[in-house]
């Protein structure tokens, strides 16, 4: 038998494949995965409290603090 | 239609008019590229003194020039190999200027930790474009990885306008590292594939 060895992507189980696709990004712009990535990035940028990151130019809990009323 | 394509379509209306105006005025695209870089230096200065909103506004103007130069070159029939080279080199210069502005700011605030984060993000930004340029001298295409220049510039603007530059720098750093690693892996896999096929 001289079958082709399956690629890494073909051997990964579904959850691991999802992580792999994010780490090894091959999607074009203006696709659904691209939009989801943009939403995730904006959520991180705007929701992570500046204090958690030790931001030198911003302080407090940011939007997250506003949501939880602090 | 995706969210990002809808946003792109909205912004293309005014940009299309500016492109047509530049073509009508016969402005050479290489001049547009150079003007964009000069304006970006002003944005770098604004970042350096901590005027983030001003820096964001200047970045919008600078990157408008940067965005339209290629389109003007195409429409006016002045596209050239040197123009592509000039554009790429000036893009790197603009990128580095913005990072250096932040390095200066964090150094003046005595924040060695963020000087390091910014320097690392700057290093991997340069490696992002270098890995692709070098890879495409060996293989056909190496367009993998999320964090390319347009994403970086939009993130810089978001960080500047909303004063979330620290979070933006972390995003740029982490995704640039992944982009560089992805490009190295992709190039290795393509070259290994060639060996097997031979």
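The values are calculated or read from the model by the stated rules, or taken from the named source; none is laboratory data. None of these values were measured; they are calculated from a predicted model. Counting neighbours? That spans all protein chains shown, and the Cβs are built from the backbone with ideal geometry, glycine included.
For this structure, a couple of remarks:
- Selection within the range A:24-34: residues that are part of a helix (DSSP H, G or I) and facing chain B (nearest Cβ under 9 Å). The member of this set that is nearest to residue B:143 (Cα to Cα) is A:34.
- Flag set for residue B:143, criterion: out of contact with any helix residue (DSSP H, G or I) (no Cβ under 6 Å at 6 or more places or on another chain), assigned to a loop (DSSP other than H, G, I, E, B) and either facing another protein chain (nearest Cβ under 10 Å) or farther than 19 Å from residue B:100 by Cα (or both).
- Odd one out for residue B:193 among (1) within 12 Å of another protein chain (Cβ to nearest Cβ); (2) touching a helix residue (DSSP H, G or I) at 6+ places or on another chain (Cβ under 7 Å); (3) part of a helix (DSSP H, G or I); (4) over 21 Å from residue A:28 (Cβ atoms): (2)
- In this structure, residue B:90 does not satisfy being in contact (Cβ under 8 Å) with a residue 60 or more places away in the chain and touching a helix residue (DSSP H, G or I) at 6+ places or on another chain (Cβ under 6 Å).
Residue by residue, here is whether (1) surrounded by 13 or more Cβ atoms within 10 Å (Cβ to Cβ); (2) within 7 Å of chain B (Cβ to nearest Cβ); (3) more than 11 Å from the chain's Cα centre (by Cα); (4) not in a helix (DSSP H, G or I) holds:
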{"residue": "A:16", "(1), (2), (3), (4)": "no, no, yes, no"}
{"residue": "A:22", "(1), (2), (3), (4)": "yes, no, no, no"}
{"residue": "A:36", "(1), (2), (3), (4)": "yes, no, no, no"}
{"residue": "A:42", "(1), (2), (3), (4)": "yes, no, no, no"}
{"residue": "A:57", "(1), (2), (3), (4)": "yes, yes, yes, yes"}
{"residue": "A:65", "(1), (2), (3), (4)": "yes, no, yes, no"}
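- Residues satisfying the stated conditions in the range B:147-164, i.e. crowded, with 23+ Cβ neighbours inside 10 Å and assigned to a loop (DSSP other than H, G, I, E, B): B:147, B:164
- Test result for residue B:107, at pLDDT 95 or above, more than 14 Å from the chain's Cα centre (by Cα) and under 20 Å from residue B:41 (Cβ atoms): yes
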